């Protein structure tokens, strides 16, 4: 456990707003859990007036780059950034070196996170060995070691038969496969969304059907098997509709999206702006609005960061050569609140549940709650204060974001994990 912040055994948070209920309340923490009443005088009193308390946020999709790419990010820097963003748990994708396709790598990630102490790390194991899409990885051993799900995220599994086998195998261990939906025969060589912008910029585009086709394929595999599947980073209007229809048929499918897909469009890459280069790419305005509607009606179950740190040299280069991805741990909730909640598109309660209850259920974890007897995982946010995000102050090693300089509301002022402060605004 980190020693950056002092530990107080008994903490009283006075007159804070419960983000789930809207009620004004006091929160008491003792021995790392919420209690109805402290057994003695508090060691610390936090004046919560004007602040809102959220259960500890869970990010169901991030890249911590550790092991193997520590020059981009490592578990210590990544979990510090996560704590600053209000997260108490982060699910880490397996595209590391070595690939997280075996129990030793899974154990390494959990143990290093335990030593860092800023945030729990929930490893996601690879579906196939080396993420090569050819042979199923050691799913059982990884599940036993602590892997919460399985994905080849960053590399789609092209063979439908392997996806079916993986879904069935993972279900034996009460785990789910997270599908990166991209048909490479359609997407190969593309660097931004296929459309007017790609044509005007003279860049090869990635058609939206490259995503849609595999969303349809994998939901139908789930339907045939009667087993669950989770669809990663949905970005297209048709993809949202495919998932909506699958749910209406009773398919056990859940799905996620990221702030950049309901905040930005392909227009953000004009000027060859590599900070806005992601995969799936930013789409059209109609797709952005469809993603928002999918969040509103429950088609899209959760909001994730897809935090993807890169070294500046991997972004400060020719657009077609620049790496895909942007960092997002520190800006996720502020973007959700500013773009969706503050504008009335989504209730605060629904936004919180998409970042707490939904990912907890996906990974078969206890649902975070601000209730007596539950672990004291919480985030205090100032919903009324506008802050201009300055990426130079980020706790991540990386600086690749298109959101620096954007005025946002809802930045955390304090994050607590099991009663330990992991981030506090000075």
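Points to keep in mind about this one:
- Remark: residue 106 falls outside the filter, which requires a residue to be modelled with pLDDT of 95 or more, surrounded by fewer than 23 Cβ atoms within 10 Å (Cβ to Cβ) and either in a helix (DSSP H, G or I) or more than 17 Å from the chain's Cα centre (by Cα) (or both).
- Consider the range 73-103 and keep the residues that are outside any loop (DSSP other than H, G, I, E, B) and out of contact with any strand residue (DSSP E or B) (no Cβ under 9 Å at 6 or more places or on another chain). The one that is surrounded by the most Cβ atoms within 10 Å (Cβ to Cβ) is 77.
- Scanning the range 125-152 for residues that are assigned to a loop (DSSP other than H, G, I, E, B) and surrounded by fewer than 20 Cβ atoms within 10 Å (Cβ to Cβ) returns 132, 133, 134, 135, 138, 146.
- Hey, residue 11 outside any loop (DSSP other than H, G, I, E, B), under 30 Å from residue 280 (Cβ atoms) and either at pLDDT 95 or above or assigned by TED's automatic domain parsing to the domain that holds residue 114 (or both) or not: no
- Odd one out for residue 38 among (1) more than 23 Å from residue 411 (Cβ to Cβ); (2) touching a residue at least 12 places away in the same chain (Cβ under 8 Å); (3) under 21 Å from the mean Cα position of the chain (by Cα): (3)
- Entry remark, the range 202-243: residues being under 20 Å from the mean Cα position of the chain (by Cα) and at positive phi number 1 in total.
- Matching option when the condition is in the same structural domain as residue 72 (by TED's automatic domain parsing), free of Cβ contacts under 8 Å to residues at least 24 places away in the same chain and either surrounded by 22 or more Cβ atoms within 10 Å (Cβ to Cβ) or under 14 Å from residue 262 (Cβ atoms) (or both), among 305, 343, 299: 343
- Filter result (touching a strand residue (DSSP E or B) at 6+ places or on another chain (Cβ under 7 Å) and either surrounded by fewer than 23 Cβ atoms within 10 Å (Cβ to Cβ) or within 14 Å of residue 282 (Cβ to Cβ) (or both)) within the range 236-250: 247
- Elements of type helices (runs of 4 or more DSSP H) contained in the range 153-201, each with 1 or more residues being surrounded by 15 or more Cβ atoms within 10 Å (Cβ to Cβ) and under 26 Å from the mean Cα position of the chain (by Cα): 160-172, 184-187
- Criterion applied to 348, 329 was being in contact with a helix residue (DSSP H, G or I) (Cβ under 7 Å, 6 or more places away or on another chain) and under 19 Å from residue 91 (Cα atoms), and the one residue passing it is 329.
The values are calculated or read from the model by the stated rules, or taken from the named source; none is laboratory data. From a predicted model like this one, the values you see are computed outputs, not experimental measurements. Reconstructed Cβ throughout: ideal geometry from the backbone, glycine too, with neighbour counts over all protein chains shown.
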